[in-house]
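Student: Sending over a structure as structure tokens; questions will come in a sec.
The values are calculated or read from the model by the stated rules, or taken from the named source; none is laboratory data. Nothing here was measured: the structure is a model prediction, and the numbers come from that model. Counting neighbours? That spans all protein chains shown, and the Cβs are built from the backbone with ideal geometry, glycine included.
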Amino acid sequence: MTRFAKLLSVILIGLICLAGCQQTEMFTVTFYDDMGNVLKTEKVAKGKSAVAPDAPIIPNSEQYSYEFTGWNKDFSEVTGDLKVYPTYKMEINKYTYTFLDYDDTVLKQQTTYYGTPIVPPKLNDREAPEGYRFDFESWGKEVGVLRGDITFKAEYRLVRYYTVSVYGADFTEIINTITVDEGMLPPVPREPKLERETGLYYDFLGWFTDSAEGELFDFTEPLTQNIVLYPRYEVKPFELKGKVVSFLGDSITTFYSTDSPLNSSFQGQYEYYYPNPQTDVQKFFQTWWATALSLTETTLGLNNSRGGAKVYNEGNETDVTAGMNYSRINDLGKNGRPDIIVIYMGTNDYVTTVTPTNFEFAYRTMLNRIFEVYPNVDVFVCTIQSPGSTYQQEFRARWMQFNEIICQVAGDYHLPIIDFSSIITDANHTKNTSDALHPNASGMTLLGVEAANAIKRFFGIE
């Protein structure tokens with residue numbers, strides 16, 4: 001063997017020994033579940049594949065379902081330590097809710113996602129024996145959000161009821177039929193509208209069980225049978241003295257003092273104007289409305305006047321200050337049904353941003369509601385006194401326009417007008433007012449006399 005061959009053999013033997021002595025490189029592959037718990041740890045030679053454990057299962061919940069979709073890392077050729085986690089597809093569960101009627105008829109059935117609000121169906125009318133009805137009570141279970149398959153069934157209560165048939169003033173037709181549940185008190189119907197003859201007064205006596213001979217019906221006892229009611233009146237010559245007058249107004253018609261026998265009903269700070277240090281009206285009898293009551297020998301029902309009040313409610317039916325709203329109209333009868341209602345409002349509408357269209361709508365609505373609540377009341381409407389020739393021209397134009405609206409509406413409703421615009425005028429404004437809008441004592445007297453005269457003229461009293 002030559003020296004070269006010997007050297008080559010030595011090198012080959014060395015390489016073989018070196019390869020045999022060198023260790024294989026290994027890596028750690030750890031598999032976890034969705035909660036971070038170790039499922040398996042495996043040593044894997046470089047470039048080799050790890051063996052995954054069985055796919056971990058996440059139990060489905062009431063709300064969600066889970067489907068295993070694989071692992072978050074590739075472990076088919078490992079080149080380093082790995083931490084491998086499972087991946088899942090999550091879906092919101094669907095359920096079905098069903099609504100049944102009393103006879104198991106399916107009213108509604110819907111399949112939708114967990115957590116969706118359950119919407120009940122519209123119920124069908126359930127036929128009942130005459131004099132009875134079925135009132136829906138419940139679906140037997142709480143109707144909330146969908147949390148699983150669920151069925152609801154309608155539950156009803158059989159209710160006995162009676163009818164109250166109400167005749168109009170001339171007894172020719174039934175104008176209203178009221179149903180009253182057994183054991184409940186019947187409501188008192190509103191007094192029907194009556195066409196009255198001039199010079200006569202029709203005093204409403206109440207509701208009777210016969211048009212001529214029946215008894216006055218007792219509304220304090222629960223109904224035990226169907227009834228028919230007739231209105232009855234006592235007809236007598238009209239006498240203005242002692243009639244009840246209520247006022248619906250703004251600050252011009254207010255007055256409040258703790259020592260005054262008569263006051264307006266709004267008595268909070270800024271809700272009344274009189275008495276006021278800026279004016280000489282210091283006693284209630286100096287006001288125009290007290291003057292009118294005195295000269296007509298009538299009695300105050302309620303002075304429902306408030307400073308700053310408008311006719312228009314700006315679209316807010318809960319506004320307790322607006323003249324068109326029921327809260328103020330209902331209060332006019334708080335001390336007994338008025339025979340006469342006098343309205344002096346509109347100043348705060350024309351000096352603000354109320355449009356003529358909205359003012360007319362509000363004024364008509366106010367009158368409609370007054371006649372709804374007090375069908376046979378006599379209503380007087382007042383035009384608005386002059387704000388003076390030096391008042392802003394824009395508002396003077398609105399003052400005249402709003403007075404035209406009041407007169408037009410009064411004509412449409414055939415209502416008498418108390419024309420205050422002809423009493424405090426541009427010519428006498430300065431000496432009869434304490435400011436542009438509020439009368440002083442002399443102005444109050446002029447308005448009160450005119451109101452009394454207008455009321456007397458309407459009833460034919462000199």
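Student: Read through the list (1) closer than 19 Å to Pro189 by Cα; (2) at pLDDT 95 or above, then give the number of the only condition that Glu404 fails.
Tutor: Against the list (1) closer than 19 Å to Pro189 by Cα; (2) at pLDDT 95 or above, Glu404 comes up short only on (1).
Student: Tell me whether the stretch 258-271 contains one or more residues that are crowded, with 18+ Cβ neighbours inside 10 Å and over 40 Å from the mean Cα position of the chain (by Cα).
Tutor: No, the stretch 258-271 has no match at all.
Student: A follow-up question, please. Within the stretch 317-353, track down each residue that is of a type in the set (S, T, N, Q) and over 22 Å from the mean Cα position of the chain (by Cα).
Tutor: Within the stretch 317-353, Asn335, Thr347, Asn348, Thr352, Thr353 qualify.
Student: Can you confirm whether the stretch 239-246 contains a residue that is among the small types (Gly, Ala, Ser) and surrounded by 15 or more Cβ atoms within 10 Å (Cβ to Cβ)?
Tutor: Yes, because at least one residue in the stretch 239-246 is among the small types (Gly, Ala, Ser) and surrounded by 15 or more Cβ atoms within 10 Å (Cβ to Cβ).
Student: Still on this model: Considering only the stretch 288-306, I want to know if a residue exists there that is of a type in the set (D, E, K, R), buried (at least 19 other Cβ atoms within 10 Å of the Cβ), assigned by TED's automatic domain parsing to the domain that holds Ala454 and modelled with pLDDT under 95. Show your work before the answer.
Tutor: Residues of the stretch 288-306 that are of a type in the set (D, E, K, R), as a first pass: 297, 306.
Next, only the ones that are buried (at least 19 other Cβ atoms within 10 Å of the Cβ) stay: 306.
Checking which are assigned by TED's automatic domain parsing to the domain that holds Ala454 leaves us with 306.
Next, only the ones that are modelled with pLDDT under 95 stay: none.
Checked against the condition, which is being of a type in the set (D, E, K, R), buried (at least 19 other Cβ atoms within 10 Å of the Cβ), assigned by TED's automatic domain parsing to the domain that holds Ala454 and modelled with pLDDT under 95, the stretch 288-306 yields no hits at all.
Student: Out of the residues in the stretch 47-90 that are of a type in the set (S, T, N, Q) and assigned to a strand (DSSP E or B), which is nearest to Tyr113 (Cα to Cα)? Full working, then the answer.
Tutor: The first filter runs over the stretch 47-90 and keeps only residues of a type in the set (S, T, N, Q), leaving 49, 60-61, 63, 65, 69, 72, 76, 79, 87.
Narrowing the set further to residues that are assigned to a strand (DSSP E or B) leaves 65, 69, 87.
Details: Ser65: 12, Thr69: 22, Thr87: 23 Å.
It comes out as Ser65.
Student: Just name the residue that is surrounded by the fewest Cβ atoms within 10 Å (Cβ to Cβ) out of those in the stretch 118-160 that are assigned to a strand (DSSP E or B) and of a type in the set (Val, Ile, Thr). Give the derivation first.
Tutor: Filtering the stretch 118-160 for residues assigned to a strand (DSSP E or B) gives 132-138, 145, 150-153, 155-160.
If we keep only those that are of a type in the set (Val, Ile, Thr) as well, we get 145, 150-151, 159.
On the way: Val145: 10, Ile150: 17, Thr151: 15, Val159: 15.
Across the stretch 118-160, the extreme among qualifying residues is Val145.
Student: Can you work out which of the residues in the stretch 172-186 that are not in a strand (DSSP E or B) and not hydroxyl-bearing (Ser, Thr, Tyr) is surrounded by the fewest Cβ atoms within 10 Å (Cβ to Cβ)?
Tutor: Glu173
Student: With the condition kept exactly as written, say whether any residue in the stretch 233-250 is under 31 Å from the mean Cα position of the chain (by Cα) and assigned to a loop (DSSP other than H, G, I, E, B).
Tutor: Within the stretch 233-250, one or more residues are under 31 Å from the mean Cα position of the chain (by Cα) and assigned to a loop (DSSP other than H, G, I, E, B).
Student: Considering the stretch 299-333 alone, what residues qualify as being outside any strand (DSSP E or B) and in contact with a Pro (Cβ under 9 Å, 6 or more places away or on another chain)?
Tutor: Answer for the stretch 299-333, where residues must be outside any strand (DSSP E or B) and in contact with a Pro (Cβ under 9 Å, 6 or more places away or on another chain): just Leu332.
Conditions (1) touching a residue at least 24 places away in the same chain (Cβ under 8 Å); (2) farther than 20 Å from Tyr273 by Cβ; (3) out of contact with any Phe, Trp or Tyr (no Cβ under 7 Å at 6 or more places or on another chain), marked per residue:
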| residue | (1), (2), (3) |
| --- | --- |
| Tyr350 | yes, no, no |
| Thr357 | no, yes, yes |
| Met366 | yes, yes, yes |
| Ser386 | yes, no, yes |
| Gln393 | no, yes, yes |
| Arg396 | no, yes, yes |
| Gln401 | yes, yes, yes |
| Thr445 | yes, no, yes |
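Student: Now, a different point. Against the definition (loosely packed, with under 10 Cβ neighbours inside 10 Å and either among the small types (Gly, Ala, Ser) or at pLDDT 90 or above (or both)), how does Ala169 come out, yes or no? Write out each step before concluding.
Tutor: Numbers: loosely packed, with under 10 Cβ neighbours inside 10 Å: no; either among the small types (Gly, Ala, Ser) or at pLDDT 90 or above (or both): yes.
When the stated conditions are applied, Ala169 does not pass them.
Student: Continuing with the same structure: Would you confirm, using the coordinates I've provided, whether Ile174 is modelled with pLDDT of 90 or more and under 30 Å from Phe238 (Cβ atoms)?
Tutor: When the stated conditions are applied, Ile174 passes them.
Student: Hey, another quick one. Would you confirm, using the coordinates I've provided, whether Gly315 is of a type outside the set (D, E, K, R), exposed (fewer than 15 other Cβ atoms within 10 Å of the Cβ), free of Cβ contacts under 8 Å to residues at least 24 places away in the same chain and at positive phi?
Tutor: Here the answer is yes, as Gly315 does meet what is asked.
Student: Sticking with this structure for a sec: Which of the numbered conditions does Arg232 fail, given that it passes all the others? Conditions: (1) of a type outside the set (A, V, I, L, M); (2) out of contact with any helix residue (DSSP H, G or I) (no Cβ under 8 Å at 6 or more places or on another chain); (3) buried (at least 17 other Cβ atoms within 10 Å of the Cβ); (4) more than 30 Å from Thr172 (Cα to Cα).
Tutor: (4)
Student: Filter the stretch 354-366 down to residues that are within 22 Å of the chain's Cα centre (by Cα) and surrounded by fewer than 21 Cβ atoms within 10 Å (Cβ to Cβ) and give me whichever is farthest from Ile455 (Cα to Cα).
Tutor: Asn358
Student: All but one of (1) surrounded by 15 or more Cβ atoms within 10 Å (Cβ to Cβ); (2) out of contact with any helix residue (DSSP H, G or I) (no Cβ under 6 Å at 6 or more places or on another chain) hold for Phe255; state the number of the condition that does not hold.
Tutor: Phe255 satisfies all of (1) surrounded by 15 or more Cβ atoms within 10 Å (Cβ to Cβ); (2) out of contact with any helix residue (DSSP H, G or I) (no Cβ under 6 Å at 6 or more places or on another chain) except (2).
Student: Now for a separate question. How many residues does the stretch 136-152 contain that are over 12 Å from Phe99 (Cβ atoms) and in contact with a Ser or Thr (Cβ under 8 Å, 6 or more places away or on another chain)?
Tutor: Here the count works out to 3.
Student: Moving on to the next point. Between Ile252, Ile178, which is aliphatic (A, V, I, L, M) and closer than 30 Å to Gly307 by Cβ? Talk me through it step by step, then tell me what you get.
Tutor: Details: Ile178 fails: closer than 30 Å to Gly307 by Cβ.
Sole residue among the options that is aliphatic (A, V, I, L, M) and closer than 30 Å to Gly307 by Cβ: Ile252.
Yes/no per residue for (1) in contact with a strand residue (DSSP E or B) (Cβ under 9 Å, 6 or more places away or on another chain); (2) at pLDDT 95 or above; (3) buried (at least 19 other Cβ atoms within 10 Å of the Cβ):
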| site | (1), (2), (3) |
| --- | --- |
| Asp319 | no, no, no |
| Tyr326 | no, yes, no |
| Gly346 | yes, yes, yes |
| Thr383 | yes, yes, yes |
| Gln392 | no, no, no |
| Phe395 | no, no, no |
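Student: Could you pull out the residue among Glu173, Glu137 that is touching a strand residue (DSSP E or B) at 6+ places or on another chain (Cβ under 8 Å), under 22 Å from Gly214 (Cα atoms) and of a type outside the set (A, V, I, L, M, F, W, C)?
Tutor: Answer to the check: Glu173.
Student: Something else: Could we say that Ala397 is assigned to a helix (DSSP H, G or I), out of contact with any His (no Cβ under 6 Å at 6 or more places or on another chain) and closer than 19 Å to Lys456 by Cα here?
Tutor: For Ala397, the condition - assigned to a helix (DSSP H, G or I), out of contact with any His (no Cβ under 6 Å at 6 or more places or on another chain) and closer than 19 Å to Lys456 by Cα - is not met.
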